[in-house]
Amino acid sequence: MRLTHAPLLSLLALTSASLQQTPPRASARLWATHYNGNVYSIFFNGHDLSLTDTVKTCGSMPSWLTFDPETRTVYCSDEDGTADPSTNGSLWAYDAGEDGKLHQTAKTNTVGGGVHSVIYEDENGGKYLAIAHYEGSAISTFGLPLRDNEPATQEFHFNMTHEGAVAQQDAPHPHEVFLDPTGSFVVSPDLGADLLRVYSIDSGSGQLQQCPPVNITFGSGPRHGVFWTDGTNNDTFSTGSQDGRPEHSRQVAAVGKTMMYLANEIGGTVDVFEVAYARSGCLSFEKTQTMVPYSNSTMPKGATPAEIRLIGDVLYVSIRTDQGFAPNDSIVTLDRLPRGGAVMLRKKTSSYGKVPRTFTINRAGDLVAIGNQATSTISIVRRDRQTGDLGEEIAVLQVGEPGKVGTAEGLSSVIWEE
């Protein structure tokens, strides 16, 4: 079993002249996608962001990037296409150079509407990529490394048997795929069908096997989720992985208390679930709380939760179009209570732009990159590693042209090179 640990920032010797100054920050690279059809390479020198490369690639609607640091491969999902088989999206693979530039190595067609992906492994170290297809009403998987024109390993297509609560729920719309703490299950919130779709990973073949889906309250529109575990009686877990998630382990029986936090776009809520590893070989979910992640437990009209992230016992949810810091939107910080795992609102801070579709926390836990879709900006925000509080904006970069609120325009994703 392979264990990894978060890299530590180098200790810098301080002279007497620099004691009153802020210590310099480590440099880093980021990549971002824009619905204008470009993928961007960005350098952060510890104080400023600069654009180092722009590539016209990843189809007409680049929507999501996933980085494999072991092979230095970036995978990009193109959101073009629908569930109609006469249309398609695409999946692209790039070698990430040490200079941050991306060099295409493979491309293949996919089901339309790819909006999110995640890498998972079998017990022999074989790697796979699972993709959530929003407009395509599907989940697909590909064996890695990706090869030109390689077909999907698996495709799961979904249909609706009843009308949704709102027009946005006209069809199944998987919006994310993410792993449980053991790396043994793939979970996908389906915004259109008000379901949590669950798949166990066959440890030998890497094939996904369907588990019973979990019903989410009608009209909730589940969008993104995150797991939490205490890792009790499992000393194979690493505490240094991004977003506070442990490294993969197949020791399912040894997992301690596990919970999941689900951000619901349409209902404007966060659901809390206790999670158990059932004898059936699937996961079971028991909802323990539904809360509105906003002041006075009231979401502003037209505002919606988007991304959710977790480090330790602190959760963060981006809120689109709330204008909480007009003309900018908000990121809310939630505290996870030790007993029972319920969450409560701590504070609200600025997203430093409009429509924070995505944000990501660096591995060190001291910086947050916020991708504001409509303003098409990336803001680097300070995070206090001790308290979890988000602070001031220390760098910002305009990436591509701004998009119109409520449309598939503007910045679509941002990730750290970690």
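The values are calculated or read from the model by the stated rules, or taken from the named source; none is laboratory data. If you're wondering where the values come from, they're calculated on a predicted model, not measured in any experiment. Glycine also receives a Cβ, built like all others from the backbone with ideal geometry; neighbour counts cover every protein chain displayed. Only protein heavy atoms, including side chains, enter the accessible area calculation; ligands, DNA and RNA are left aside. Shrake-Rupley method; radii C 1.70, N 1.55, O 1.52, S 1.80 Å.
For segment 131-210, run through the GluC sites (Glu not before Pro) and keep only the ones in DSSP coil with at most 16 other Cβ atoms within 10 Å of their Cβ.
Hits after loop and neighbour filter: GLU163.
Computed on alpha carbon atoms, what radius of gyration and Dmax characterise segment 72-349, expressed in Å?
Rg then Dmax for segment 72-349, in Å: 18.6, 52.
Taking the Cα centre of the chain as the origin and placing charges on Cβ (Lys, Arg +1; Asp, Glu -1), which of VAL332, SER86, ILE308 is farthest toward the positive end of the dipole?
Farthest towards the positive end: VAL332.
Per-residue HN-Hα couplings for segment 394-411, Karplus 6.51 cos²θ - 1.76 cosθ + 1.60 at θ = phi - 60°, whole Hz, x for Gly and Pro?
Using θ = phi - 60°, the values come out as 10, 7, 8, 9, 7, 10, x, 7, x, x, 7, 4, x, 10, 7, 10, x, 5 Hz.
Suppose each label sits 7 Å from its Cα in the direction of the beta carbon; what would the MET291-GLU401 distance come out to in nanometres?
For MET291 paired with GLU401, the spin-label model returns 4.2 nm.
Report in % the part of the accessible area of the chain that belongs to carbon and sulfur, leaving out ligands and nucleic acids; probe 1.4 Å.
49
Straight-line reach from LYS347: which aspartates and glutamates fall under 12 Å, measuring Cα to Cα and dropping same-chain residues less than 8 apart?
Once the sequence-local aspartates and glutamates are set aside, what remains near LYS347 is ASP335, ASP389.
How much area per residue is accessible in the chain when the probe is 1.4 Å and only protein heavy atoms are counted (Å²)?
41
Restricting things to Cα coordinates, could you compute the convex hull volume per residue of segment 37-187 in Å³?
Here the figure is 153 Å³ per residue.
Could you check the spin-label model distance between SER203 and SER27? Points 7 Å from the Cα along Cα→Cβ, value in nm.
4.4
Once you have all Cα-Cα distances for segment 252-390, histogram them in 5 Å bins from zero and send the whole-percent values.
Final binned percentages: 2, 10, 19, 21, 19, 14, 8, 5, 2, 0, 0.
Describe numerically, in nm with one decimal, the distance between label points set 7 Å from Cα along Cα→Cβ at GLU392 and at HIS47.
1.3
For the chain, with only Lys/Arg (+1) and Asp/Glu (-1) charged at the beta-carbon, what is the dipole magnitude about the Cα centre, in debye rounded to 20?
Computed charge dipole of the chain: roughly 860 debye.
Based on the Cα coordinates of segment 356-418, what is the per residue volume of their convex hull in Å³?
77
Counting other C-beta atoms within 10 Å, and keeping those with at most 13, which DSSP coil trypsin sites (Lys or Arg not before Pro) do you find in segment 317-391?
Those that pass, being in a loop and sparsely packed, are ARG339, ARG385.
Can you tell me the length gained on complete extension of the stretch PHE218 to GLN104, counting 0.36 nm per residue apart and subtracting the Cα distance?
Contour length minus Cα-Cα distance gives 36.8 nm.
Along each principal axis of its Cα atoms, how long is segment 110-230 end to end? Whole angstroms, biggest number first, please.
Computed over segment 110-230, the largest-to-smallest principal extents equal 43, 41, 19 Å.
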